[in-house]
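Read the structure below first, then the notes.
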Amino acid sequence: MKYSLIFPKTKREAPAGAESLNHQLLVRGGFMDQLMSGSWTLLPLGLRVVSKINNIIREELNKTGALEMQMPLLHPRDIWDSSGRWSKKEVQEIMYQFKDIHGKEYGLSFTHEEIVMNILGKQNLSYKDLPVKLYQFSTKFRNEPRAKSGILRGREFLMKDLYSAHVSEEDMYKYYHEVKETYTKIFKRMGLESITTEASGGVFTDKNSHEFQVLSDVGEDTIYFCENNDFAVNKEIFDGAKFCHKCGGKIKSANAIEVGNIFPLGTKYSKDMKVFYIDEKGKEQPIWFASYGIGPTRVMGTLVEIYNDDKGIIWPEAVAPFMVHLVGLDLNDSSVKSEAERIYKLFQADDVEVLYDDRIDVSAGEKFADADLIGIPYRVVISKKTGDKLEIKKRNERGTRFLKFEELLKLVKI
């Protein structure tokens, strides 16, 4: 991609009222735009990052046998009445509920348990059909009283939600623990060290759930964790005596950002919505159910909060919008311009994702500042001074070096 074609370009100043670092840098870098409080547009660069995040999630979930689908965002009230959740105070506080011109009541999805259970109920399932593992990437709506922290807490956001249906509690927990381990792998691939943390079930279940927390001073959650990181709990369910017994070592507390969560829902939804499977003896049995969420847009914001310096973002390679930022200097010189175009096409031919700053009459300082702000892992400079080599600088390193194209290719191909 040529930077002259990218929309929008970088901004020198952070938008008014942008308190969080992810808000400042993602807007300044041209990754996202705020429509209103808690509502964001993913611009082309931002969408590339979120697509990388989604692909990592997709690859790991597919290994567990999960299947991707897509469900509606607009839900009729009767679906939520069948589980008893529509009228619950804690649901009404966060769910957008309204009537259409015909007086029929609807809600905007903040989760999809009822929809999945409704789908399962139409299939006349037997024990041979289970387990079922279904996931989607979908917009969610949450009536936050105060949307804040940039893209970390919004009223409209992207969510990956996975749902699994099983014949027994044992089978449910077997997959639940498999997903727990898979989530740790997912976040590690993105460059995040997550801490698996016990938490309450919130509006989803009366059982304890698990959150995946990333330590950060800007995190809204407080977690308590063992010094050796083998056990952690959210502040909301912290019990000092029980925790000390489980920990056996020094207890620490810290702020953290929740990037994922998993819920063992049991048979509540199956029983409430009267959705059963037929067992080996031909009898109806309740389905054991669980749900698992990751917020890809929140992950993007978390990555920016973790990976940055005073110049801008420092994207981990696995989620960077491009691998190489090719900066052309002295492009008024036809020979330099011709060589820059040649190198750009060579990168493309080798399937290296490259952003080529092809702007003419823009100073070297401005181009370097933009490269640092956008945060692509490798900055590659071509100019009159570079001769038959290329000047290479990693975004997270100070020094530069000069390499032949073939040497550089070995570094950037993943």
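Restricting attention to region 369-393, and to residues there that are assigned to a helix (DSSP H, G or I) and over 31 Å from the mean Cα position of the chain (by Cα), which single residue is nearest to ALA320 (Cα to Cα)? Here the residue is THR386. At pLDDT 95 or above and more than 30 Å from ALA14 (Cα to Cα) - does that describe any residue in region 146-162? Checked against the condition, which is being at pLDDT 95 or above and more than 30 Å from ALA14 (Cα to Cα), region 146-162 yields at least one hit. From the list ILE374, ILE382, ILE287, ILE306, the one residue that fits, being within 30 Å of LEU265 (Cα to Cα) and among the hydrophobic types (A, V, I, L, M, F, W, C), is ILE287. Within region 313-343, can you find the residues that are free of Cβ contacts under 8 Å to residues at least 24 places away in the same chain, of a type outside the set (Lys, Arg) and surrounded by 13 or more Cβ atoms within 10 Å (Cβ to Cβ)? Across region 313-343, the qualifying residue is only GLU341.
Only residues that are in contact with a strand residue (DSSP E or B) (Cβ under 9 Å, 6 or more places away or on another chain) and either in a loop (DSSP other than H, G, I, E, B) or within 15 Å of PHE322 (Cβ to Cβ) (or both) were counted across region 394-408, and they come to 7.
Taken over region 347-392, the residue count meeting the criterion of being closer than 21 Å to ALA318 by Cα and either touching a Gly at 6+ places or on another chain (Cβ under 9 Å) or modelled with pLDDT under 95 (or both) is 7. Between GLU93, GLU113, the distinction of being under 21 Å from the mean Cα position of the chain (by Cα) and not β-branched (Val, Ile, Thr) belongs to GLU113 only. In region 116-136, which residue that is under 21 Å from the mean Cα position of the chain (by Cα) and not polar (S, T, N, Q) is farthest from GLY282 (Cα to Cα)? Residue satisfying both the conditions and the ranking: TYR135. For region 172-196, the candidate set comprises residues that are outside any loop (DSSP other than H, G, I, E, B) and touching a Phe, Trp or Tyr at 6+ places or on another chain (Cβ under 7 Å); within that set, the residue that is surrounded by the most Cβ atoms within 10 Å (Cβ to Cβ) is TYR183. Residues of region 1-43 that are aliphatic (A, V, I, L, M), loosely packed, with under 12 Cβ neighbours inside 10 Å and under 23 Å from ASP310 (Cα atoms): ALA16 alone. Sort out which residues of region 347-368 are under 24 Å from the mean Cα position of the chain (by Cα) and not hydrophobic (A, V, I, L, M, F, W, C), and write them in order of number. GLU353, the sole residue that qualifies.
Here region 137-171 is the region considered, the condition is being out of contact with any helix residue (DSSP H, G or I) (no Cβ under 7 Å at 6 or more places or on another chain) and within 30 Å of GLU284 (Cα to Cα), and the residue that is surrounded by the fewest Cβ atoms within 10 Å (Cβ to Cβ) is GLU170. In region 6-95, counting only helices (runs of 4 or more DSSP H) that sit wholly within it, the ones holding 1 or more residues that are outside the structural domain of ASP372 (by TED's automatic domain parsing), touching a Pro at 6+ places or on another chain (Cβ under 9 Å) and hydrophobic (A, V, I, L, M, F, W, C) span 21-28, 44-63. Applying the set (1) modelled with pLDDT of 90 or more; (2) surrounded by fewer than 16 Cβ atoms within 10 Å (Cβ to Cβ); (3) not in a strand (DSSP E or B); (4) not β-branched (Val, Ile, Thr) to HIS245 leaves exactly one unmet item: (1).
Residue pairs whose Cβ atoms lie under 6 Å apart, separated by 6 or more positions or on different chains, with the first residue in region 288-308 and at positive phi and touching a residue at least 40 places away in the same chain (Cβ under 8 Å) and the second surrounded by fewer than 24 Cβ atoms within 10 Å (Cβ to Cβ) and part of a strand (DSSP E or B), do not occur.
Each row is one residue, and each column tells you yes or no for (1) in a strand (DSSP E or B); (2) of a type in the set (Phe, Trp, Tyr).
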position	(1), (2)
PHE212	yes, yes
VAL218	no, no
TYR224	yes, yes
ASN228	no, no
LYS252	yes, no
ALA256	yes, no
GLY282	no, no
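If you filter region 80-105 down to residues that are buried (at least 18 other Cβ atoms within 10 Å of the Cβ) and of a type outside the set (S, T, N, Q), you find that the one that is nearest to MET300 (Cα to Cα) is MET95. Taken as a whole, the condition of being in contact with an Asp or Glu (Cβ under 8 Å, 6 or more places away or on another chain) and over 22 Å from LYS271 (Cα atoms) applies to ARG155.
Candidates are the residues of region 58-79 that are charged (D, E, K, R) and farther than 17 Å from LYS122 by Cα; the one that is surrounded by the most Cβ atoms within 10 Å (Cβ to Cβ) is GLU60.
The values are calculated or read from the model by the stated rules, or taken from the named source; none is laboratory data. Not measured: the values here are computed from a predicted model. FYI the Cβ positions are ideal-geometry reconstructions off the backbone, even for glycines, and counts take in every protein chain you see.
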